[in-house]
Amino acid sequence: MRLIELKGLTKTYGKGKKSTTALSELNLNIQKGEIYGVIGHSGAGKSTLIRCINLLERPTEGEVWVDGINLTELSKTELQQQRRKIGMIFQHFNLLSSATVYDNVAFPLKLVNTPKDAIDRKVKEMLNLVGLENHSNKYPAQLSGGQKQRVGIARALASDPNVLLCDEATSALDPQTTNSILKLLLDINEKYNLTIVLITHEMHVIQNICDKVAVIHQGGIVEQGPVTEVFLKPQHAITRDFMMRDHEAGLALEETALANAGVELQTGVASKLVKISFLGNKTYEAILSRTVRKTGVDFAILQGTISTIKQVPYGQLTVRFEGDSYAIDRTISELTAEGLDVEVLR
Amino acid sequence: MDFSTVRWEEVGKASIETLQILGVSGLFTVILGLPLGVLLFMTARSASIKSRTVYTILSLVVNILRSVPFIILIVALIPFTRILVGTATGVLGVIPPLVISAAPYFARLVETTLREVDRGVIEAAQSMGASTGQIVRRVLLPEALPGLLAGITITIVTLVSYTAMAGMVGGGGLGTLAINYGYFRYQNEIMIISVMSMIILVQILQMAGDRLVTFFTRK
């Protein structure tokens, strides 16, 4: 079921010659219950994009549909009502510094005049969820960054939203804290089947918790799909760029691999450079060794990664096969038949 | 210098009058200046042309009132003061010009203080569906409270020196005492006592204000 639908979203700042386009004709669909990541460099328009979903930023053109309602057509009060169903957390947490942790979480409930005992129950439930039940009387200034973001999450979830928007929610946090916040988001997604939209410039955030990803560049989406697909077979240069920065591998190493591939071979021995992608439990199976034993081909691993995408194991190896050229071709087709993705590089 | 001729009951009476003037005019300054300041802040950052026009007009009025010297303002407002409180002299007569002069000043202080409130927090409230009124009451004012208290302190301290000027036109209080006895009759003792009293008063006000600001600061 579609929960969020952005249609022909365009946002321009300023008028005439001085105007800059942050988003142009952007379309995006997000299904209920999924964690959808949008990745892009700063200035790519990702922040504008997420702020358009609850109309903190009003698009110049286009429609924003959330849960079957076109938000762009609503009156001010109707929009306020709809916003209560869209939680949001921020890079800099944006907590009320003058209010305690308890009162911050109670804030969205007080806005709709919830009875006091109901507020108390909900706030305690939320603080338990994020693990801050012992900090309810502290002020934000007394908390660490990770704790502040937990308060932000508790506050965003207190009004039982259908969707949680995360605007660079982990960008101000250290790697360890980032992982604990990501884990919390994943738990919440699983526990409440809550749809989460997050924007980030860090590939590992996408890799850790997202089901789907969109890569945004110069105000448009250049690539989107399930994270496993985009991750293992990046099509666009920008996507590859993100992968490389995060793996310290990618293109640069692949190039070295290609250069090394030209080692002198004995006459009559063919060679082929291939990239093999594994996904799921196949990653841990001995498919490669089984196959080459059968076909009698030798191989050298030039580069490789074995890791997980949202707890799904994957592997990617750049391998040079050596041997009889017919046997190499047979090896490739056998591997493909085993369900691996094999791409011949050279 | 001979302090034995000083009529202490006059000094006492004047001190009480000053406190009355400060209390009442301070109260009305906040009552008028706070909403005015909020309005200035809200209309200045609004995108709508209507609000911007409101801002331009309000801003102009505030600037005019702030540029007229207080001593001139008192005289100019005499007819208005008579209509409003029935007299243009004494404790009662000095309060309207004080409020009219101090409220725009305080409003500007409020406006600048509100600008210091983290935009992100306002945005967070918007994202939670808060209305404009709720944002003012539940976000802006509580977040700006320490700054607002500092602004109130500054305003009341300014009012102390204004009450002295009001003494020129018989406004009552320590200022009148200083001018009538100390200045016109060359009674230096009275002058010193009045000025000293005002110095002590300002010290106490500033200290109390600072204490309150510290008490409410959560950052």
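Listing for the model above:
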item: Pairs where the first residue, in region A:276-295, is under 16 Å from A:Val342 (Cβ atoms) and the second is open to solvent by 70 Å² or more (accessible area, probe 1.4 Å), C-beta under 7 Å, 6+ apart; result: A:Thr283/A:Ile306; A:Val292/A:Phe299; A:Thr295/A:Arg330
item: Within region B:172-206, considering residues that are among the hydrophobic types (A, V, I, L, M, F, W, C) and within 17 Å of the chain's Cα centre (by Cα), the one nearest to B:Trp8 (Cα to Cα); result: B:Met198
item: Any hit, region A:263-272, residues being farther than 30 Å from A:Glu202 by Cα, touching a helix residue (DSSP H, G or I) at 6+ places or on another chain (Cβ under 7 Å) and either in a strand (DSSP E or B) or at pLDDT 60 or above (or both); result: yes
item: Output for region A:79-95, where each listed residue is of a type in the set (D, E, K, R) and either within 7 Å of another protein chain (Cβ to nearest Cβ) or closer than 12 Å to A:Cys166 by Cβ (or both); result: A:Arg83, A:Arg84
item: B:Leu149 vs. criteria in a helix (DSSP H, G or I), within 13 Å of chain A (Cβ to nearest Cβ) and surrounded by fewer than 19 Cβ atoms within 10 Å (Cβ to Cβ); result: no
item: Scope region B:177-219; condition aromatic (Phe, Trp, Tyr), open to solvent by 60 Å² or more (accessible area, probe 1.4 Å) and either within 14 Å of chain A (Cβ to nearest Cβ) or within 20 Å of B:Tyr162 (Cβ to Cβ) (or both); matching residues; result: B:Tyr183, B:Phe184, B:Phe215, B:Phe216
item: Helices (runs of 4 or more DSSP H) contained in region A:96-209 and holding at least 2 residues open to solvent by 30 Å² or more (accessible area, probe 1.4 Å), more than 13 Å from chain B (Cβ to nearest Cβ) and among the hydroxyl-bearing types (Ser, Thr, Tyr); result: A:175-192
item: Test: residue in region B:119-140 that is open to solvent by 10 Å² or more (accessible area, probe 1.4 Å), under 18 Å from the mean Cα position of the chain (by Cα), at pLDDT 95 or above and within 14 Å of chain A (Cβ to nearest Cβ); result: no
item: Qualifying residue in region A:95-105 (condition: aliphatic (A, V, I, L, M) and touching a Cys at 6+ places or on another chain (Cβ under 9 Å)); result: no
item: Matching option when the condition is free of Cβ contacts under 8 Å to residues at least 60 places away in the same chain and in contact with a Phe, Trp or Tyr (Cβ under 7 Å, 6 or more places away or on another chain), among A:Thr114, A:Thr100; result: A:Thr100
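The values are calculated or read from the model by the stated rules, or taken from the named source; none is laboratory data. Values in this document were obtained by computation on a predicted structure and should not be read as measured data. Glycine also receives a Cβ, built like all others from the backbone with ideal geometry; neighbour counts cover every protein chain displayed. Protein only, heavy atoms only, side chains kept; ligands, DNA and RNA dropped before computing areas. Shrake-Rupley method; radii C 1.70, N 1.55, O 1.52, S 1.80 Å.
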